[in-house]
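Quick notes on the structure that follows.
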Amino acid sequence: MKTVTLNAKWEPKPGFKLGFKDIDGKLTYLGSQVWRNPEVIVVDKEIPKIKQDEVLIKVKRCGICGSDFFE
């Protein structure tokens, strides 16, 4: 299956205060403040094997917030 993958370097801007979620999981509301050199690529991957308590969702469309991608 084709997947869209966003690759970027984790490099918080000087002065940006990281919260506990930012540090532990490298997750943040403000992606443009911590990620550098973003690159979106299409990658072929195998369809994952799902467990009994999981579902596999086929996404038809999605978007990327421009404020997270460019600054």
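If you go through region 33-62, how many residues are in contact (Cβ under 8 Å) with a residue 40 or more places away in the chain and in contact with a Lys or Arg (Cβ under 9 Å, 6 or more places away or on another chain)? Let's see the steps before the verdict.
If we filter region 33-62 for residues that are in contact (Cβ under 8 Å) with a residue 40 or more places away in the chain, which is where we start, we get 42-47, 62.
Now restrict to residues that are in contact with a Lys or Arg (Cβ under 9 Å, 6 or more places away or on another chain): 42-45.
Within region 33-62, residues that are in contact (Cβ under 8 Å) with a residue 40 or more places away in the chain and in contact with a Lys or Arg (Cβ under 9 Å, 6 or more places away or on another chain) number 4.
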Task: Filter result for the condition that a residue is surrounded by 10 or more Cβ atoms within 10 Å (Cβ to Cβ), at pLDDT below 75, within 17 Å of the chain's Cα centre (by Cα) and not charged (D, E, K, R), over SER67, SER32 - done: SER67
- [ ] Find the residue count for region 1-32, including only residues that are outside any strand (DSSP E or B) and in contact (Cβ under 8 Å) with a residue 12 or more places away in the chain.
- [x] 11
Open item on the list: For region 39-47, check the following and say yes or no: at least one residue is under 11 Å from the mean Cα position of the chain (by Cα) and among the β-branched types (Val, Ile, Thr).
Closed with: yes
Open item on the list: Quick test for you: out of VAL55, VAL42, pick the one residue that is in a strand (DSSP E or B), farther than 22 Å from PRO14 by Cα, at pLDDT 85 or above and not polar (S, T, N, Q).
Closed with: VAL42
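The values are calculated or read from the model by the stated rules, or taken from the named source; none is laboratory data. From a predicted model like this one, the values you see are computed outputs, not experimental measurements. Don't worry about glycine lacking a Cβ; one is built from the backbone with ideal geometry, like all the others, and counts go over all protein chains shown.
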